[in-house]
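First comes the structure, then the notes that go with it.
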Amino acid sequence: MHPPHASHHHHQTMRPPPPAQTVSSRPLLSPRHALAILVNIQIGSGIFSSPGHVDTNVPSPFAALAVWAFSGLLSWAGAASFAELGTILPGNGGIQDYLRYVYGDIVSSLLGWIYVMAALPSSMALQGIVLGESVGAAVGYWRGLEEGIWTGGQGRWVAVLAIGAVWLLNVRGTAASGRTSEIFTVCKLVTVGGVAVAGAAVAMRQLVGGGECTEDWCGRSWFEARDVDSGTSRIDWGNVSFLQMVGHYSAAVYAGLWAYSGWDSAGFIAGDLKNAERTLPPVIHGSMAIVMVALEFVNVAYYILLPWKEVGSTNTIAVVAAHRNLGPIAAIVVAALVSIACAGTINSQMFGHGRLVASAAQRGYIPSFFSGLDVCGLMNCDLGGAQKRPEAPERSSSEPLSPPIEQQPLLTSAMEAEPSLESNPPAEMETTDERAVPARAMLLNATLASIYLCAGNFEFLVKFIGISVWGFLFLAALGVIILRRREPNLHRPYKVTMAIPIVFCIIGFGMVASSIPFAPVESGILAGLFVIRFAAHRWLKQE
């Protein structure tokens, strides 16, 4: 498909993209802080809960480790594609800005709606579920019980309180949130490193000491298929059809991808990152390298530390492994560290996702009330107190109401676009106060997350997030390919190898298309959200 200006504007010099919307008026995050935030987002409850969901959907430990490696490489390919887009549009809108620039407001508004109302708060709710279960396990082991004494409801109320506490922490300002992320990152790496070291110690003790091994990891084949209990039925891999195998592997990959989720959040904080054009790519690649190595080694350790039938039986696998090998005191310590790790991910999600919500509000995708910057103290918040809102300058009747033709989004010729940033610019939010944050946007995210936390189911939320998010991730990576053809002279401080987004798009599209038949309820809810968004769009235009 040729770009719309190809036949008439070959002689024109390609203009840079319009300035991406930023929430903060000046960057406050160092690359080290940004790296800590991204690692925090990715190393959360996924590494402590997803292994069971991966294990029960594949026939062998080797297949499970292959799924983890595949999920990591696919996430890295997406992150590399986003690094190019992030240096072109280094604002706080992230994928929202990318889709808007490539396809127009209609696609960007759909993403903003789905992310704000479903995907982002659901992801935070999943972190809360594991946090609550870990706290319950710690209380149980403290009282001498084998399992947590709390019901799921009690643990989730603890998680709701944790989300509220994290919101209060984040509204203290960008710099404070960045420093806190470093502390959480250290706790996470200690937890992950402890599990990996424990696995290595057990393996070395057996290899050095010799003797007969009675454990699964050294007494059974890592490649041999074994029957597994999926929770609702027992899977005999010798009698599984091809379509059923596709469904199981899709579920396993989604569980692995959820553990890696957060790599796309780099775009949400790019506007707060110092020298984003230069520092964003190494921050993204550095975080992916750390997370991928950590997750692969920890999963190997799980298969060493636990009987294989127990790997898929719990959402608190690290706590169970600590109790089995080191006793209840170690289990309490690990449960506390897992809880801190989940709280750290919630902290980074609150920081990054709050900026996407604010950016969506600035675009008009959700009420503008959530777009402002606020200055909050220990006991109060001055809503809007950080910003100065100059009146928008009047536009002459001769001024164009749409982007220049060389910047025209892909879909504006096929669909009627909503008012664009150029035709209706949001008021700038200028402040030199480092405490200024999108407190209202973060409060909306925290409130929705608490609702999903109390009403949601772990497996359901993982599938729902996977289907809803990966369709948009596919479109964003496809945007790299489209822009290379449509605007070859666009300033690109970083260029990814073209094969990477192509492979990502092929696999991403195949994953979404193949998983929809196996998740009819999740797909139906997503379709309903799309219908609501289109209906609201038409109603607003009629008004």
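The values are calculated or read from the model by the stated rules, or taken from the named source; none is laboratory data. Given the structure is predicted, the values throughout are model-derived calculations rather than measurements. So basically every Cβ, Gly included, is an ideal-geometry build from the backbone, and we count neighbours across all protein chains shown. With ligands, DNA and RNA removed, areas are computed over all heavy atoms of the protein, side chains included. Shrake-Rupley method; radii C 1.70, N 1.55, O 1.52, S 1.80 Å.
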Q) Checking residue 490 against (1) in a helix (DSSP H, G or I); (2) open to solvent by less than 20 Å² (accessible area, probe 1.4 Å); (3) out of contact with any Asp or Glu (no Cβ under 6 Å at 6 or more places or on another chain); (4) more than 15 Å from residue 255 (Cα to Cα), which single condition isn't satisfied? A) (1)
Q: Could you identify the single residue in 319, 291, 300, 334 that is assigned to a helix (DSSP H, G or I), of a type in the set (A, V, I, L, M), closer than 16 Å to residue 203 by Cα and in contact (Cβ under 8 Å) with a residue 60 or more places away in the chain?
A: 300
Q: Could you tell me which residue of segment 153-189 is modelled with the lowest pLDDT, considering only residues that are touching a strand residue (DSSP E or B) at 6+ places or on another chain (Cβ under 9 Å) and open to solvent by 30 Å² or more (accessible area, probe 1.4 Å)?
A: 172
Q.
Filter segment 287-306 down to the residues that are open to solvent by 20 Å² or more (accessible area, probe 1.4 Å) and not β-branched (Val, Ile, Thr) and list them by number.
A. 289, 292, 296, 297
Q. Of all residues in segment 213-239, how many are without any contact (Cβ under 8 Å) to a residue 24 or more places away in the chain, of a type in the set (A, V, I, L, M, F, W, C) and not in a helix (DSSP H, G or I)?
A. 1
Q) Assuming residue 224 fulfils every condition listed in (1) over 31 Å from the mean Cα position of the chain (by Cα); (2) at pLDDT below 85 apart from one, which condition is it? A) (2)
Q | Failed condition for residue 137, given (1) in a helix (DSSP H, G or I); (2) at pLDDT 85 or above | A | (2)
Q: Please state which one of 111, 99 is under 22 Å from residue 503 (Cα atoms) and open to solvent by less than 10 Å² (accessible area, probe 1.4 Å).
A: 99
(Q) Looking at (1) open to solvent by less than 30 Å² (accessible area, probe 1.4 Å); (2) at pLDDT 85 or above, which one does residue 235 not meet, given that it meets all the others? (A) (2)
Q.
Step by step: first the residues of segment 322-331, then only those that are of a type outside the set (A, V, I, L, M) and in a helix (DSSP H, G or I), then the one that is most open to solvent (accessible area, probe 1.4 Å). Which residue is that?
A. 324
Q. Of 530, 509, which residue is out of contact with any Cys (no Cβ under 8 Å at 6 or more places or on another chain), part of a helix (DSSP H, G or I) and open to solvent by 80 Å² or more (accessible area, probe 1.4 Å)?
A. 509
Q: Quickly run through segment 236-261 and pick out the residues that are closer than 14 Å to residue 55 by Cβ, β-branched (Val, Ile, Thr) and more than 22 Å from the chain's Cα centre (by Cα).
A: none
Q) Across segment 115-145, what is the total count of residues that are open to solvent by 30 Å² or more (accessible area, probe 1.4 Å) and touching a residue at least 60 places away in the same chain (Cβ under 8 Å)? A) 5
**Q.** Residues of segment 464-484 satisfying the condition of being within 26 Å of residue 517 (Cα to Cα) and out of contact with any Phe, Trp or Tyr (no Cβ under 9 Å at 6 or more places or on another chain)
**A.** 464
Q) From the list 277, 310, which one is in a helix (DSSP H, G or I), in contact (Cβ under 8 Å) with a residue 40 or more places away in the chain, open to solvent by 10 Å² or more (accessible area, probe 1.4 Å) and among the acidic types (Asp, Glu)? A) 277
